[in-house]
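Enquirer: Below are the structure tokens for one structure; questions will follow.
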Amino acid sequence: MDVTDKSRIWFTVVNVYAASKTASRLWTEAETRLKARGVTYHGNRTGRSGNAMEITFDACVAGYRKFVAVGGDGTVHDVLNGIASYIDWSSETSSDIDFSHFTLGVIPLGSGNDWIRSTGVPRNIEKAVDLLADPEISSQDVVRTSVMDEQGNPISVSYMANIAGIGIDARVCERVNAAKTQGKRGKILYLTSLIHAIRNRKPALAKVTCDGKTIFDGAYLSMAFGVGKYSGGGMRQTPNAVLDDGLLDVTVIPDLPLMRIAREVPRLFTGTFHKVPELIMAKCRTVTVVPDASSSAEPAEVDGEVIGKVPVRFDVLDSKINIVVGRRL
């Protein structure tokens, strides 16, 4: 089969470790539905064949351009980054390929499944497969996240599909990911991890710059940066984010008293978090977060994966990736 043919075929990247390692059983259900709907697909599983990023990169080299992340938000993140790795690799040969040449769908088998809350893809496996049989395609922004050294030079790069966080947000991800390795899952896991992080909060100092303008300089508890609205099993730290508006939504939570924080936590789940008056919120294309010299460097996470510590820079890319949606965005 030539490259042109492969570019029209779905390539499924199955994360066998998703859903507390029950993804293999759930994938059997999804495969049955794919065959029943006549969906042509090739694919591979994580494990001996490599991780999801490596599998996706190799599939891109082979000519595939339509991908299905079979797993949770972490799998979506890894597939996106596999595509990004291929684009970066291709640029070395003067190729003009970008994210607009690729399509990303999902069969949600994860515990959080926050990205699909913005795309309208149903959690039901059969209904999610039905979207692949007769897909409605939209597009969304991709954000390049660069962990930098003290001179502002990038030392590692990751690409974001949904939401990133610094401070408490990243510490919650650290705790949730550790619990997942023990087989724990569910919305309550995110909530208990959030409560633990708030009770053990450690304010840090940093300056946040959006499109060249300083919007915050001081002590903070947490920051969120999103093209999507949802994270942490349904929390809305960036409730006004739009997937395809070309902008990154920024929410900075300053250092606040414990009781004040506790009183506003329910707003994270009702979509009214933006009404908390102390929050600093903005929309922009480029954001930098630089820690104060007297402050410790806080961890940063992207799509639930801890990628390093501040300083960090976020850039909304010019090219958007095509995505399968459950409703018109």
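Enquirer: Applying the selection to the stretch 8-28, what residues are open to solvent by less than 40 Å² (accessible area, probe 1.4 Å) and either at pLDDT 90 or above or in a loop (DSSP other than H, G, I, E, B) (or both)?
Expert: Ile9, Trp10, Phe11, Thr12, Val13, Val14, Asn15, Val16, Trp27
Enquirer: Mind listing whichever residues of the stretch 54-77 are touching a residue at least 60 places away in the same chain (Cβ under 8 Å) and surrounded by fewer than 24 Cβ atoms within 10 Å (Cβ to Cβ)?
Expert: Gly63, Gly74
Enquirer: Just give me the residues in the stretch 202-238 being more than 24 Å from the chain's Cα centre (by Cα) and in a loop (DSSP other than H, G, I, E, B), in sequence order.
Expert: Result: Lys202, Pro203, Gly212.
Enquirer: When the stretch 245-304 is examined, which residues are found to be under 16 Å from Val316 (Cα atoms), among the charged types (D, E, K, R) and open to solvent by less than 50 Å² (accessible area, probe 1.4 Å)?
Expert: Residues satisfying the conditions are Asp249, Asp303.
Enquirer: All but one of (1) outside any strand (DSSP E or B); (2) touching a Pro at 6+ places or on another chain (Cβ under 7 Å) hold for Val306; which doesn't?
Expert: (1)
Enquirer: Taking the stretch 296-325, which residues are modelled with pLDDT of 95 or more and small (Gly, Ala, Ser)?
Expert: Hit for the stretch 296-325 is Ser319, nothing else.
Enquirer: Still on this structure: When the stretch 111-137 is examined, which residues are found to be farther than 18 Å from Asn15 by Cα, open to solvent by less than 30 Å² (accessible area, probe 1.4 Å), among the small types (Gly, Ala, Ser) and assigned to a helix (DSSP H, G or I)?
Expert: Correct list: Ser118 only.
Enquirer: Take the conditions assigned to a strand (DSSP E or B) and out of contact with any helix residue (DSSP H, G or I) (no Cβ under 7 Å at 6 or more places or on another chain) and apply them to Gly74. Does it pass?
Expert: no
Enquirer: Among residues belonging to the stretch 310-321 that are out of contact with any helix residue (DSSP H, G or I) (no Cβ under 9 Å at 6 or more places or on another chain) and part of a strand (DSSP E or B), point out the one that is farthest from Asp211 (Cα to Cα).
Expert: Val312
Enquirer: Same structure, new question: Free of Cβ contacts under 8 Å to residues at least 40 places away in the same chain, under 18 Å from Phe225 (Cβ atoms) and touching a helix residue (DSSP H, G or I) at 6+ places or on another chain (Cβ under 9 Å) - does that describe any residue in the stretch 251-262?
Expert: yes
Enquirer: Within the stretch 34-53, can one find any residue that is open to solvent by less than 10 Å² (accessible area, probe 1.4 Å), part of a helix (DSSP H, G or I) and either closer than 27 Å to Thr145 by Cα or free of Cβ contacts under 8 Å to residues at least 12 places away in the same chain (or both)?
Expert: Checking the stretch 34-53: at least one residue is open to solvent by less than 10 Å² (accessible area, probe 1.4 Å), part of a helix (DSSP H, G or I) and either closer than 27 Å to Thr145 by Cα or free of Cβ contacts under 8 Å to residues at least 12 places away in the same chain (or both).
Enquirer: Would you mind stating whether Ser85 is of a type in the set (Gly, Ala, Ser), open to solvent by less than 50 Å² (accessible area, probe 1.4 Å) and assigned to a helix (DSSP H, G or I)?
Expert: Details: of a type in the set (Gly, Ala, Ser): yes; open to solvent by less than 50 Å² (accessible area, probe 1.4 Å): yes; assigned to a helix (DSSP H, G or I): yes.
For Ser85, the condition - of a type in the set (Gly, Ala, Ser), open to solvent by less than 50 Å² (accessible area, probe 1.4 Å) and assigned to a helix (DSSP H, G or I) - is met.
Enquirer: State whether one or more residues within the stretch 147-156 are part of a helix (DSSP H, G or I) and under 20 Å from the mean Cα position of the chain (by Cα).
Expert: As a first pass, look at the stretch 147-156 and keep what is part of a helix (DSSP H, G or I): none.
No, because not a single residue in the stretch 147-156 is part of a helix (DSSP H, G or I) and under 20 Å from the mean Cα position of the chain (by Cα).
Enquirer: Checking the conditions here, which among Ala282, Ala293 is of a type in the set (A, V, I, L, M), more than 18 Å from Arg201 (Cβ to Cβ) and without any contact (Cβ under 8 Å) to a residue 40 or more places away in the chain?
Expert: Ala293
Enquirer: Additional query: Only residues that are among the charged types (D, E, K, R) and closer than 20 Å to Gly120 by Cβ: list them for the stretch 215-258, please.
Expert: Lys229, Arg236, Asp244, Asp245, Asp249 - these are the residues of the stretch 215-258 that are among the charged types (D, E, K, R) and closer than 20 Å to Gly120 by Cβ.
Enquirer: Tell me the residue from Val142, Val176 that is in contact with a helix residue (DSSP H, G or I) (Cβ under 6 Å, 6 or more places away or on another chain), surrounded by 17 or more Cβ atoms within 10 Å (Cβ to Cβ), at pLDDT 95 or above and not charged (D, E, K, R), please.
Expert: Just one listed residue meets the conditions, Val142.
Enquirer: To continue, here is another question. Restrict the check to the stretch 94-110 and report whether at least one residue is surrounded by 22 or more Cβ atoms within 10 Å (Cβ to Cβ) and free of Cβ contacts under 8 Å to residues at least 40 places away in the same chain.
Expert: There is at least one residue in the stretch 94-110 that is surrounded by 22 or more Cβ atoms within 10 Å (Cβ to Cβ) and free of Cβ contacts under 8 Å to residues at least 40 places away in the same chain.
The values are calculated or read from the model by the stated rules, or taken from the named source; none is laboratory data. Remember, predicted model here, so these are calculated numbers, not experimental data. All Cβ positions, glycine included, derive from the backbone under ideal geometry; neighbour counts span all protein chains shown. Side chains included, ligands, DNA and RNA excluded: accessible areas come from the protein's heavy atoms. Shrake-Rupley method; radii C 1.70, N 1.55, O 1.52, S 1.80 Å.
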